[in-house]
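The values are calculated or read from the model by the stated rules, or taken from the named source; none is laboratory data. None of these values were measured; they are calculated from a predicted model. FYI the Cβ positions are ideal-geometry reconstructions off the backbone, even for glycines, and counts take in every protein chain you see. Each accessible area value is taken on the protein alone, full model and side chains, heavy atoms only, with ligands, DNA and RNA left out. Shrake-Rupley method; radii C 1.70, N 1.55, O 1.52, S 1.80 Å.
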Amino acid sequence: MKLTFSEFSIDSETFELHVGDQSVAIDERNVALLSILAQRYPEHCSKQECLDLIWQETVVSDMSLSKLVSDTRKLFSKAGYQGPLIQTVHGRGYRLEHVLGKQVIAQVQSQNQSESQEKARPQQGAVKPINSDQPPTPTASQKMSATNWFSNWENFAKVLILLLLTIGLAFQIWHVTSSEHNKPAATSLNYSEPKDSIGRILWVDDHPENNLVEKAYFEQKNIGVYNTVTSQEALMLLSMYNYQAVISDMGRHGDSLAGLKLLQAIRAKGNDTPFFLYTYVESPGLVDAIYESGGQAVVLDAESLYKLVLSQFEQQ
């Protein structure tokens, strides 16, 4: 099997990773990890499922999987690939990065289309006798037309479903917005907060879908969670509203230090809102940098995040 992307390819037969003109050896477990994530996309693969599939008939801990993910990222970086590779779905598992995942889907669709076209082609040298008593056999072009018709109809149905979902979402947003416009100005900011909210969290992450479980947990605790995807928007919101905590990822939009830079910008404006960096990799250098810049903690798992953030509301 060969996984091919715009910037690299993996050959599972020769166990080689190709990045541009560079070619390096890759371990079979690295290949297995990426193959599993590619097959599961757009869903994530749980930690236990990864362990069961990669270390069959061998009992290992979660640390082995975490090390494999880390080693895979380092291997690609060493080979010259600078883009995102594997996403950590906090508390659940791992998922192939979105851009790479979309390429996998495109390859599968292209392969399916090629197979359909190949099946529709007449075989050379195959001559069938003419029998006037039988209805005429559809030609290859007619078969292709039927195949394309069904394919186009399937695509049309998908687009129609997506359009209906979009219209429904737009209606919900319009309904909420219209309702809020009719409220007094003093309560117009509370529409995204739970009833009887005890405070707010500002969450900065360019992939907020990775934090839906954590967001739901805080909302169950009557805490409003406001999501934004850029540091610029975060700074603007902090200048306008009060938050009890800021949670941020580290790398964002190609900037591997975006979270640290946001913290430094917040403190430079004299804002002392508690800041927590929620990431999947911890190192002494990163922890020191966050503390020296005025941050509260580097957090790797959901349970620790809940405990640290909730403590800020207990202090009120």
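Brief remarks on what is shown
- Per residue, the range 184-316 exposes 51 Å² of solvent-accessible protein surface, assessed with a 1.4 angstrom probe and all protein chains in place.
- Test item: Cα-centred dipole of the range 250-291, Lys/Arg +1 and Asp/Glu -1 on Cβ, debye: 180
- For the range 231-316, the ratio of Cα radius of gyration to the globular rule of thumb 2.2 N^0.38 Å stands at 1.04.
- Long pairs among 195/221; 215/261; 221/307; 195/215, criterion Cα-Cα beyond 18 Å: 215/261
- The range 1-109, accessible surface, carbon-and-sulfur percent (1.4 angstrom probe): 50
- Here the 3J(HN,Hα) profile of the range 32-40, calculated from phi with Karplus coefficients 6.51, -1.76 and 1.60 at θ = phi - 60°, is 4, 4, 5, 5, 5, 5, 5, 5, 7 Hz, Gly and Pro shown as x.
- Take every Cα pair under 8 Å whose residues are at least 6 apart in sequence, average their separation, divide by the length of the range 1-118, and the relative contact order is 25 percent.
- Residues whose amide H lies under 5 Å from that of residue 86, counting only those 5 or more places away or on a different chain, are 97; hydrogens are built 1.01 Å from N in the peptide plane.
- Of the trypsin sites (Lys or Arg not before Pro) in the range 191-241, the ones in a loop by DSSP (not H, G, I, E or B) with at most 12 other beta carbons within 10 Å are 195.
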